[in-house]
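Data first, discussion second: the structure below is written as structure tokens.
The values are calculated or read from the model by the stated rules, or taken from the named source; none is laboratory data. Please read these numbers as outputs of a predicted model, since none were measured by experiment. Here Cβ is always computed from backbone atoms with ideal geometry, including for glycine, and neighbour counts include all displayed protein chains. Quick note on the areas: whole protein, heavy atoms, side chains included, nothing else; ligands and nucleic acids left out. Shrake-Rupley method; radii C 1.70, N 1.55, O 1.52, S 1.80 Å.
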Amino acid sequence: CFSIGLSAQAGGALTGLTKAKPGELGERLMLTPEVKMYDAEMQPIDMSRFFELAQSGEFAPDAYIDGAKKLKALVLRPATQEEKDAVNQHKSQDKGSANTGEAAPEFTLTDLEGNTYSNESLAGKIAVLNFWFVNCKPCVIEIPELNEVVHTYESHEDVVFIAVALD
């Protein structure tokens, strides 16, 4: 009955979809433009608002899949107390990296033009490393903002921006 009610509220957006069971989608969700997102009132929302609400700890997402087990929709619902506690615990542990103030692990990266970057070549500089992948919607959404920051600091030789993507 719950799915039928949700489908009616969403104008049939969930028709033909089923709620994914735990572990059914694997560990990684691939957010593509086809994945629709809804708030707790089944109103369509954009990705940034969806993540804002989900990260608040007040809401938790339910995934809806088609017959081929492909993610088609994410719907927020009020979080259980256990889910709220888990989010708050994560937030309290995320007050900065355990490595803040420590040297970065040894690395060597080569960009698309063949330039090589390493701890040694970046010594004394501010290095901003952004790890992302093409199918990561939040990653793609943040690119314009990161590009603005890059533009702001492009004349500073002591600031280096490196975007790392394996795909």
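Here are the numbers for this structure:
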quantity: Largest-first ordering by accessible area, 1.4 Å probe, given options F131, F50; calculated: F131, F50
quantity: 18 Å Cα-Cα reach of K84 towards aspartates and glutamates, excluding residues that sit fewer than 8 places from it in its own chain; calculated: D39, E52, E58, D62, D94
quantity: Solvent accessible area, Å² - D46, 1.4 Å probe, full protein context; calculated: 90
quantity: Accessible area in the full protein assembly, largest first, 1.4 Å probe, for L71, L146; calculated: L146, L71
quantity: Full-extension gain in nm, E154 to S56, via 0.36 nm per residue minus C-alpha separation; calculated: 31.9 nm
quantity: Pairwise FRET efficiency - N147 versus K69, Cβ, R0 = 41 Å, nearest 0.05; calculated: 0.70
quantity: Nitroxide proxy distance, nm - points 7 Å out along Cα→Cβ at A165 and D46; calculated: 2.0
quantity: Stretchable slack from K84 to N119, in nm (0.36 nm times residue separation minus alpha-carbon distance); calculated: 8.7 nm
